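Presented below is the structure to which this report refers.
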Amino acid sequence: MKRIAFLSLLGLLGLTACQAATETVVADLSQITPNPQLTLQHVQRGAAPEPVQGATPLLRYTFEPAAQPQLVMAPKQGAWDWSRQGELRLIVQNAMPWAVTLTVDIDGVGDAQHLHATMGLPAGPVQTIVVPLQATSPRVQGMQVGPPMPFDEQGQRVLLATTVEGTLDPRQVRAVRIGMPAPQAAQALLLGRVETSAGSATLNHAYAGIVDAWGQYTRGSWPEKVDSDAVLRAEQGKAQAGLAAARKQQNPADPYGGRLDVPAFKANGWFRTERRDGRWQFVTPDGHAFFSLGVNAVTAEGGRSYVEGRESMFRELPSASGAWASFYGSDDSRQPGAGSRAGIAYNHGRWFDFYAANLYRADGSHALDVWRTRTLDRLQAWGFNTVGNWSDTALGKAHRMPYTRSIAVAGVFGNVSSGYDYWGRMPDPFDPRFAQAADSAVAKVANEVRDDPWLLGYFADNELAWAGQGPQGRWGLATGTLRGEAISDAKQAFIGVLKKKYGEPAKLAAAWGIALPSWEALSATGFAAPDPNEAHPAIADDYSAWLRQYADTYFRVVAEAIHRHDAHHLFLGGRFAVNTPEAVAACAAYCDVVSFNTYTDVPQHGFDAPALAGLGKPALITEFHFGSNDRGPFGSGVIAVYNEQQRGEAYTRFIAAAANDPNIVGAHWFQYADQPVTGRLLDGENAHIGLVGITDLPFTDFVHAVREANERVRFRFRAQP
């Protein structure tokens, strides 16, 4: 790596903007010589450099409690030309015994020219902060969360800003600002040289060689990590030991996992729901109470990650020929547009399945059959009784555990933007083609399972965008409908409702406090619908009625299709991630169960539990998890905890809260295995949220906590009248 030689402070003060074009020096913050280029804002500078182990002396800077204490470095005149530079580097040591948050801002000419980075600076020895001089993020590398920092780069402790936001013309750099966001007490740093470096070597090094042959993070260590195929096979055998004994210790249950220690219900041969003594229950086909403890994404195909174009991240990819060829694949199906995929690079091409390859390493050519048996053994021994969504269909067909099926309504029909659109826009249920697509989707799934009593029920779609973002997000689907094109079936249906209520555009205009010269103006593409406000309560009333009609239409169409093709099984709802009161009420009107994907500490913090209690239908928690970053994958999931022990504690708390709620009939963990270190194919998610790792080895301590929590829930809780 080429680095610019550091000049003395006196030389720095004599540089002109022109001279700095090829050799840019920013500042040496370890010097106490007055520096007119350095401005301190709520920052106090030490009186003399302090000795530091393994480094040249550094100067102490104390950031005072303030909104944004910062030190500002600027050229003596003009601007720095960094067009030949790729990185800003800062020598620093955190002088506090805890981590502090540090911000680095690089200002160009004009408000639009600005780069910003925020990083956590851990306590410990001296390190080098490196900020790329261009916008970047882990998503640019194909994953949602980047590798942990700091890391060792050629013997130096380096903290790379993996996320840099903004735009900068490097030919005109006006200032560099180092700050802390609103510290509550004085925080001290020891600072040294600030310099630039050509190229982007640090960024490349940060991601190079981060995955080993088994799909594990190379720079970390944890109890379940393997370093050879022999160890993998040995540990796999150890993990299975004791499962049979654990199952024998469980309380007796009916074949479906229903409870035999409480009074039975009437059996009708299918799963159903019933409320007794103030508590909702699933009832098994044999007539016994059943609290659904499930796991999502129980599949042998979850270890796929794109390798094409970023081969340098993987140390030991096997040959794409011979026995390993079946673990490679290629796909170009990912389409841009949904928020979940925004900015994700390396999103197509050749991929490798590390999880499936590890199954092969452990069990050879019969690995898939062995895995299915082993996985069902594990799930039952760990106290689970349901195979959740997006799982290997063969697991349900084995008739050892009840299972669910998902109906994805896809096809050519209209859609509406609610402003959230993380997984895409909302389907337009008023488009006649939607009903046709729903019928076709239901028929395809029901034809396979309608006669199977082991099926718990059907879900429809997943995490639809029922609401938008921000304080007015509840109304996003209403304003989005009116913002749509005139040919939108949903928009015309909404306009029809308004015409029927108001008769004349002037009356609607008065009620909403807007100018509306004609109904044609309302039909125009991009109509700017008003946000509800206290002065015009009719807006909220009309939007609320529309949201209910929209949701009623969606759930009615899907429910009718399910009942048409399957007279026996439950409709388990739409797996709400965001919702409105209107959507939940409509779901309760047409579904047997209202399902929520709830990433919160306890389920009751993820939806309006009192409101649901009044709707006369039970709730099923269809996704929840707790993740940490101490087992390889960089992400901690949606709800992060500090370490593996806290994952078990959080799981125990969540499951107990679910079981003690008389309106909740089950909870399903997301997901069975960890996500790949470099991101899954769908959207680059790469979190440690599994019961097992990428090697299929269980996380022993976590699984132990899960098993104990599940057993308490399945057989020890008592319904409260």
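The values are calculated or read from the model by the stated rules, or taken from the named source; none is laboratory data. Fair warning: this is a prediction, and the values are worked out from it, not measured in the lab. Methodologically, a virtual Cβ is constructed for each residue, glycine included, from the backbone with ideal geometry; neighbour enumeration extends over all protein chains shown.
Details
- Members of segment 452-486 found to be over 28 Å from residue 593 (Cβ atoms) and in contact (Cβ under 8 Å) with a residue 60 or more places away in the chain, listed by number: 472, 479, 483, 484
- Residues located in segment 189-200, provided they are under 16 Å from residue 90 (Cβ atoms) and not β-branched (Val, Ile, Thr): 189, 190, 191, 192, 193, 195, 197
- Selection within segment 287-311 - within 18 Å of residue 141 (Cα to Cα) and either surrounded by 12 or more Cβ atoms within 10 Å (Cβ to Cβ) or aliphatic (A, V, I, L, M) (or both): 303, 304, 305, 306, 307, 308, 309, 310
Let's see how each residue does on (1) outside any loop (DSSP other than H, G, I, E, B); (2) of a type in the set (A, V, I, L, M, F, W, C); (3) surrounded by 19 or more Cβ atoms within 10 Å (Cβ to Cβ):
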| residue | (1), (2), (3) |
| --- | --- |
| 646 | yes, no, no |
| 649 | yes, no, no |
| 653 | yes, no, no |
| 656 | yes, yes, no |
| 665 | yes, yes, yes |
| 681 | no, yes, yes |
| 711 | yes, no, no |
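- Residue satisfying condition, being aliphatic (A, V, I, L, M), without any contact (Cβ under 8 Å) to a residue 60 or more places away in the chain and on the phi < 0 side of the Ramachandran plot, within set 665, 677, 641, 593: 641
- In summary, helices (runs of 4 or more DSSP H) completely within segment 482-540 and bearing 3 or more residues that are hydrophobic (A, V, I, L, M, F, W, C) and surrounded by fewer than 18 Cβ atoms within 10 Å (Cβ to Cβ) occur at 505-512.
- Qualifying residue in segment 187-206 (condition: of a type in the set (Asp, Glu) and surrounded by fewer than 19 Cβ atoms within 10 Å (Cβ to Cβ)): no
- Of the criteria (1) among the aliphatic types (A, V, I, L, M); (2) buried (at least 23 other Cβ atoms within 10 Å of the Cβ); (3) closer than 28 Å to residue 285 by Cβ, which one residue 613 fails: (2)
- Subset of segment 553-587 (residues that are over 23 Å from residue 424 (Cα atoms), in a loop (DSSP other than H, G, I, E, B) and among the charged types (D, E, K, R)): 566
- Scanning segment 206-256 for residues that are modelled with pLDDT of 95 or more and among the small types (Gly, Ala, Ser) yields 206, 208, 209, 213, 215, 220, 221, 228, 230, 234.
- Cβ separations smaller than 6 Å between residues 6+ apart or across chains give the following pairs from segment 241-263 residues that are in the same structural domain as residue 384 (by TED's automatic domain parsing) and in contact (Cβ under 8 Å) with a residue 12 or more places away in the chain to residues that are acidic (Asp, Glu) and part of a loop (DSSP other than H, G, I, E, B): 254/286.
- Residues being under 30 Å from residue 128 (Cβ atoms), of a type in the set (Gly, Ala, Ser) and surrounded by 14 or more Cβ atoms within 10 Å (Cβ to Cβ) - total across segment 209-247: 2
- No other residue among 36, 69 is modelled with pLDDT under 85 and assigned by TED's automatic domain parsing to the domain that holds residue 169 apart from 36.
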